[in-house]
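Q: Below you will find the structure I want to go over with you.
The values are calculated or read from the model by the stated rules, or taken from the named source; none is laboratory data. The shown structure was predicted, so the numbers you read here are calculated from the model rather than taken from an experiment. Backbone-built Cβ (ideal geometry, glycine too); neighbour counts: all protein chains shown. Surface areas here come from the heavy atoms of the whole protein model, side chains and all, with no ligands, DNA or RNA. Shrake-Rupley method; radii C 1.70, N 1.55, O 1.52, S 1.80 Å.
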Amino acid sequence: MRYIKFFSEISAEDTLLVGGKNANLGEMFSKLAKVGVPVPNGFAITAEGYDYFIKFNNLEEKIHNILKDLDTHNIEDLHRGGEEIRNLIKNGEFPEDLKNEILFAFQKLKEEYGENLTVAVRSSATAEDLPSASFAGQQETYLNVSEKDLLEKVKYCFASLFTDRAISYREDKGFDHFKVKLSVGIQKMVRSDVGSSGVMFTIDPDTGCPNVIVINSVFGLGELIVQGKVIPDEFIVFKNADDFPIIFKKLGEKTKKIIYAEEGGVKEIETNEKERKIFALSEEEVSLIAKYGYLIEKHYSKAMDIEWAKDGLENKLYIVQARPETVHSAKQNVWYEYRLKTNAEPILRGIAIGSQITSGKVRIIKDVKNINEFQQGEILITEMTDPDWEPIMKIAKGIITEKGGRTCHAAIVARELGIPAIVGVSGALERLNTGDKITIDNSQGLEGKIYRGLLDYEVIEHKLEESPQTKTKVYVNIGEPDEALEKWYLPVKGVGLAREEFIIASEIKIHPNALIDYPNLPEEIKQKIDELTKVYEDKRVYYIDKLAEGIAKIGVAFWPNEVIVRFSDFKTNEYRNLIGGEIYEPKEENPMIGFRGASRYYHHSFRKTFELEVLAIKKVREEMKLKNVSVMVPFCRTPEEGKKVVEIIKSIIQDSELKIYVMCEIPSNVLLADEFLEIFDGMSIGSNDLTQMILGIDRDNEILTGIADERSPAVLKMIEEVIKKCKEKNKYIGICGQAPSDFPEIVEFLVKNKIDSISVNPDAVIKTIEVVKDAENKFKI
């Protein structure tokens, strides 16, 4: 056949013939079936077929004349011209031979799939799905199309080469309208209307972290995810393991789904209560989809943006589209760090898209027909966007939507344009008004924050390739797990301190003893716990899962480098702030030197809780396969305490490879270093606590802050002594306190004493590497 190519006849080299979408489908169908990636069969009407249709109907000159004087930045002019061109194409007639070839190919597909075959009819532009430009959503797709509607929908696809958004996009990207052709893909429909579907990125779509695969899922057909009408389920999967373990999952608000309409096509309906309370995929299915994503990425040797669908009748998963990821693949090795210069409280929160900060004037637009009201440089706020919004999105300073997840249309376009966006912001349209001045802050991980007013912020450029290699390892301190995914590309050798407290306070929010003792709690506390633990019958599992997920995000971000996780080091006053905390925590006059650290872990009032922490680490290392995670015991006063704690850990985790370190932050840790090093695999100096303990100062006491200085000769003498002891016993010695982040002279002192690693805050990494290198040169290390 002259104008038809079946997927088995198509490869990635055929972009000019069948467009990027169809070329990728053919490539996967032809090359990846042998490694187990299932792709439904289909065929493509080639770009030559499109050309033939246009010429047969004498449309070329008419289209050229309409486009010649079109102002794509004038919304009304753009719409008028686009509609005129589309109507010309929709009213055209098929040449007889082209029509017969399409119908013959459809018959061949029916022989494979049966008489009741329905298909997806998708546009595939010849400049589409390239590494440099995604063209996502620029042309149309029609679903659940039967034979009687096939030719009409093919014409509609031809016409969609000239949607308003496609014309505008090509102008902005510098593509010649007449050099971009349109192919149409006709593919067997996967019955996801009675199953589920979604989107997968083989890297983190917001941070570019290459160690994860991110999967979104909904019930029914997947268009609702792209349209942003629902917040989907989200799964983060560890890529570098044979069985692709899930390290994080979040239940989405799947309030709607798209199913087949009886008359053909599709319709939108409400989901039922059961569907809203469960995930659209099983964990086994998530891991299998991730495996398909990994195989596709491996085949293409680049990060991919993939659509998948689960056939509910066959109970089988399929890959239905794939394209190169276009945002992070185009980034240079430069890190722009954004810092907000305020301690203001945000008024709204949502899902951060990108990592920038921006501020400006709000423009609320509830309907796409009113987009001509939008002014360049404003922040767009709406319920959700679709491709018809793109002409104004590219001139926006920021975007906020009430609905949508990380793979909705607004998120995809914002990433490509480099515009900060926050999606899934409940209450944005109610609490903000056109003309309000606000600041969007996406610099603090995966949660986006919205503040009133034009707040001050700074942008710092870091050229990562200029960072020198050092013999002394420079690690990074990480608090919030989402911060780890954001900072994965820092040129560090690992994480010297990952704090559990941020996960417990921000994600878990409940005192662990309240989860253990749940049945015996007062009703009002149980209600608060129920709100946070809806899908958990056993509340202890909630604590283990959430703690494991937070730790795993840090572990996977810096894999395969070591990540040292410090067990919880809340003081009693901090534990009291958690839900139910007042029941279990005593009031202490000076919590800083009270019931904290190792002393809690073996105590009868807290041992069961500590066992939950250890079980979380066990899950991270054994189920999630993140063997790069080590553990550290804080505030261990005596070797006897150390023995008791290590005994508990080893009773739960029987793994000889697990490294167990101890914080060096009490004078006894230095004075009895030999004894401690018989129990632990090494030490990490906590300079904050060590300073206060040596100088006898409560670092929470504002009156004495001027005396507490890590550069005190007494502190430096202790540090020098403990480094020497660890070196003598060939045990690990690092530092994870605040001092190296604040004082370059301490970094030089540490390098001179040949410490193994220096762990600093993310904003101090680049300058610390430079100071370390200079010190190594100075002392000829």
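Q: Which order do you get for 457, 601 if you rank them by accessible area with a 1.4 Å probe, largest at the top?
A: 457, 601
Q: Take the alpha carbon gyration tensor of the stretch 493-640, find the square roots of its eigenvalues, order them as a ≥ b ≥ c, and report rounded if a/c is under 1.5; if not, report prolate when a/b exceeds b/c, else oblate.
A: oblate
Q: Which entries in the list 256/534; 302/767; 256/361 go over 28 Å, if you measure between the two C-alpha atoms of each? Mind showing how you got there, number by number?
A: Values: 256/534 20 Å; 302/767 32 Å; 256/361 32 Å.
Too far apart for the 28 Å limit: 302/767; 256/361.
Q: Pairs on different chains or at least eight residues apart, Cα atoms closer than 29 Å: how many lysine pairs in the stretch 430-531 fit?
A: 16
Q: Taking the Cβ-Cβ separation of residue 712 and residue 34 as r and a Förster radius of 45 Å, what is the calculated FRET efficiency to the nearest 0.05?
A: 0.10
Q: Considering only protein heavy atoms and a 1.4 Å probe, what is the carbon-and-sulfur percentage of the accessible area of the chain?
A: Numbers: 14650 of 31850 Å².
For the chain, the apolar C and S fraction of the accessible surface comes to 46 percent.
Q: For residue 316, list long-range residues whose amide hydrogen, built 1.01 Å from N in the peptide plane, is under 5 Å from its own amide hydrogen.
A: 311
Q: Mind jotting down the distance between the C-alpha centroids of the stretch 435-478 and the stretch 293-336, whole Å?
A: With the stretch 293-336 and the stretch 435-478 each reduced to a Cα centre, they are spaced 27 Å.
Q: Here is a follow-up. Tell me which residues come under 5 Å, amide H to amide H, from residue 663 once H is placed; ignore anything under 5 positions away on its chain.
A: 633, 635, 636, 684
Q: Apply the Karplus curve 6.51 cos²θ - 1.76 cosθ + 1.60, θ = phi - 60°, to the phi angles in the stretch 254-270 and return the couplings in whole Hz, x for Gly and Pro.
A: After applying 6.51 cos²θ - 1.76 cosθ + 1.60, I find 7, 7, 9, 8, 10, 10, 5, 8, 4, 8, x, x, 9, 9, 9, 9, 6 Hz.
Q: Quick one: Debye curve from the alpha-carbon atoms of the stretch 81-125 only, equal weights, vacuum; give me log10 I(q)/I(0) at q = 0.21, 0.26, 0.28 Å⁻¹ to two decimals.
A: The calculated log intensity ratios at q = 0.21, 0.26, 0.28 Å⁻¹ are -0.89, -1.01, -1.03.
Q: Return the subset of 250/274; 99/181; 5/55; 179/397; 21/155; 90/366 for which the Cα-Cα distance in this structure is over 23 Å, preserving the input order. Each step should come with its number before you reach the end.
A: Working: 250/274 16 Å; 99/181 19 Å; 5/55 21 Å; 179/397 31 Å; 21/155 18 Å; 90/366 30 Å.
From the list (250/274; 99/181; 5/55; 179/397; 21/155; 90/366), the Cα-Cα distance tops 23 Å for 179/397; 90/366.
Q: With r defined as the distance between the Cβ atoms of residue 345 and residue 74 and R0 fixed at 41 Å, what FRET efficiency is calculated, to the nearest 0.05?
A: Details: r = 41 Å, r/R0 = 1.01.
The calculated FRET efficiency here is 0.50.
Q: Cα gyration tensor of the stretch 247-361, axes a ≥ b ≥ c as square roots of the eigenvalues: rounded (a/c below 1.5), prolate (a/b > b/c) or oblate?
A: On the way: a/c = 2.18, a/b = 1.36, b/c = 1.60.
The shape class here is oblate.
Q: Rounded to whole Å, give me the distance from the Cα center of the stretch 518-569 to that of the stretch 573-612.
A: About 17 Å separates the Cα centre of the stretch 518-569 from the one of the stretch 573-612.
Q: Still on this structure, please answer the following. Please work out how much accessible surface residue 294 shows to a 1.4 Å probe, ignoring ligands, DNA and RNA, in Å² rounded to 10.
A: 80 Å²
Q: OK, next. Is the shape of the chain best called rounded, prolate or oblate, per the rule: a/c under 1.5 gives rounded, else a/b larger than b/c gives prolate, else oblate, with a ≥ b ≥ c the square roots of the Cα gyration tensor eigenvalues? Walk me through the intermediate numbers first.
A: Working: a/c = 2.15, a/b = 1.99, b/c = 1.08.
Prolate shape, in that a/c is at least 1.5 and a/b is the bigger ratio.
Q: A further question on this structure: Which residue, 646, 272, 722, has the largest displacement toward the positive end of the dipole of the chain when charges sit on each Cβ (Lys, Arg +1; Asp, Glu -1)?
A: Going by the charge dipole, the pick is 722.
Q: How large is ³J(HN,Hα), in whole Hz, for each residue of the stretch 467-484 in order, when computed from phi with the Karplus curve 6.51 cos²θ - 1.76 cosθ + 1.60 and θ = phi - 60°, using x for Gly and Pro?
A: With the stated coefficients, the stretch 467-484 comes to 6, x, 7, 10, 7, 6, 6, 9, 9, 10, 8, 10, x, 7, x, 5, 5, 5 Hz.
Q: Can you give me the C-alpha center-to-center distance between the stretch 383-420 and the stretch 58-111, rounded to a whole angstrom?
A: So the separation of the two Cα centres works out to 27 Å.
Q: Positive end of the dipole of the chain, charges at C-beta (+1 Lys, Arg; -1 Asp, Glu), about the Cα centre: which of 175, 63, 12 has its Cα farthest in that direction?
A: 12
Q: Let me ask something else. Once phi is turned into θ = phi - 60°, what whole-Hz ³J(HN,Hα) does the Karplus curve with 6.51, -1.76 and 1.60 give for every residue of the stretch 764-781, x standing for Gly and Pro?
A: 9, 4, 4, 5, 5, 4, 5, 5, 4, 4, 4, 5, 4, 5, 5, 9, 6, 9
Q: Given the options 732, 751, 771, identify the residue whose Cα lies farthest towards the positive end of the charge dipole of the stretch 721-781 (+1 on Cβ of Lys, Arg; -1 on Cβ of Asp, Glu).
A: Among 732, 751, 771, the one farthest towards the positive end of the dipole of the stretch 721-781 is 732.
Q: Taking the Cα centre of the chain as origin and charging only Cβ (+1 Lys, Arg; -1 Asp, Glu), how large is the dipole, in debye to the nearest 20?
A: Charge dipole, the chain, about its Cα centre: 1120 debye, nearest 20.
Q: Another question, if that's okay. Under 5 Å between amide hydrogens, which residues at least 5 positions from residue 357 or on another chain qualify, with H placed 1.01 Å from N in the peptide plane?
A: Under 5 Å from the amide H of residue 357 lie the amide H atoms of 442, each far enough along the sequence or on another chain.
Q: With +1 on each Lys and Arg Cβ and -1 on each Asp and Glu Cβ, and nothing else charged, work out how big the dipole of the stretch 229-274 is about its Cα centre, in Debye to the nearest 20. Walk me through the intermediate numbers first.
A: Details: 9 positive and 10 negative charges, 33 e Å.
Using Cβ point charges on Lys, Arg, Asp and Glu, the stretch 229-274 gives about 160 debye.
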